[in-house]
1. Restricting to the stretch 81-117, name every residue that is more than 16 Å from the chain's Cα centre (by Cα) and within 15 Å of Thr51 (Cα to Cα).
2. Of the conditions (1) β-branched (Val, Ile, Thr); (2) touching a Ser or Thr at 6+ places or on another chain (Cβ under 7 Å); (3) more than 18 Å from Ile120 (Cβ to Cβ), Val17 clears all except one; give me its number.
3. Give the number of residues within the stretch 80-97 that are part of a helix (DSSP H, G or I) and closer than 25 Å to Asn20 by Cα.
4. For the stretch 54-105, give me the residue count where each residue is under 30 Å from Val4 (Cβ atoms) and either of a type in the set (D, E, K, R) or in contact with a Cys (Cβ under 9 Å, 6 or more places away or on another chain) (or both).
5. Six or more apart or on different chains, Cβ atoms under 8 Å: show the pairs whose first residue is in the stretch 48-72 and in the same structural domain as Gly31 (by TED's automatic domain parsing) and at pLDDT 95 or above and whose second is surrounded by fewer than 12 Cβ atoms within 10 Å (Cβ to Cβ) and not polar (S, T, N, Q).
6. I need the full set of residues from the stretch 16-43 which are surrounded by fewer than 17 Cβ atoms within 10 Å (Cβ to Cβ) and closer than 14 Å to Ala104 by Cβ, in order please.
7. Is there a residue being assigned to a loop (DSSP other than H, G, I, E, B), among the hydrophobic types (A, V, I, L, M, F, W, C) and within 26 Å of Arg122 (Cα to Cα) anywhere in the stretch 71-79?
Amino acid sequence: MESVKVRSMMTTRVSTVGANQTIMEASQMMGREKVNCLVVMAGRSPAGMITDSDITRYVVSKGLDPKETKVSEVMSSPLVFVSPEDSIEKARKTLSGHKVNRLAVIENGNLAGIITDADISRVRTADKIDQPQSPFDNNFSEGMTKKPDWDRGSGFCDFCGNHEDDLVTSGDERLCRTCMERKRQAGPYWVSRKKSGESFTG
């Protein structure tokens, strides 16, 4: 995520509203443009942000007149923002630190876009898909309830009978590394000696 820049994930089309406009006008704009937030502009400078939940929480629930209440009275300010050249990881930390769901993207003092937690989540999901996985991640055998944990103690392998110091529990068996690899390769064709009564350890 450090290599992915905000610029590559941000939305450049951003709906704005003037700080001196009314909540009624802001609400109508959200409906018209089918968005749930607006960046608030003081002249040409971005000054804050207002969301539909802000309107509900600070205007509707308090019985204020949306035709008389100014956007500047309700908006979140100062504006929380990142740069287009910041990493997605920095944007994620900024979202988390300020406990918000979206950030304005500011470049040279001008509004360049907006990025949301959903945008960042898409990058995190793609990263997980692209990460190389170990053979055990891709080849879970039937009966394996979790990834092998090789620090489970010593004992006799239920399949080959050898005494090993790094057995792992797989289903109802405790196997050495070699037999675990055999089980992985055999997949559903693996036959447990313990189930057939041939286990070396009983």
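1. Hits for the stretch 81-117 are Ala104, Ile114.
2. Checking Val17 against (1) β-branched (Val, Ile, Thr); (2) touching a Ser or Thr at 6+ places or on another chain (Cβ under 7 Å); (3) more than 18 Å from Ile120 (Cβ to Cβ), the one that fails is (2).
3. Looking only at the stretch 80-97, we keep the residues that are part of a helix (DSSP H, G or I), and these are 88-97.
Of the ones still in play, those that are also closer than 25 Å to Asn20 by Cα are none.
Number satisfying all stated conditions: 0.
4. Final tally of qualifying residues: 10.
5. Gly48/Pro78
6. Correct list: Thr16, Val35, Ala42.
7. yes
The values are calculated or read from the model by the stated rules, or taken from the named source; none is laboratory data. Keep in mind that what you see is a predicted model, and the values were worked out from it rather than measured. For neighbour counting, all protein chains shown are included, and Cβ atoms are generated from backbone atoms with ideal geometry for every residue, glycine included.
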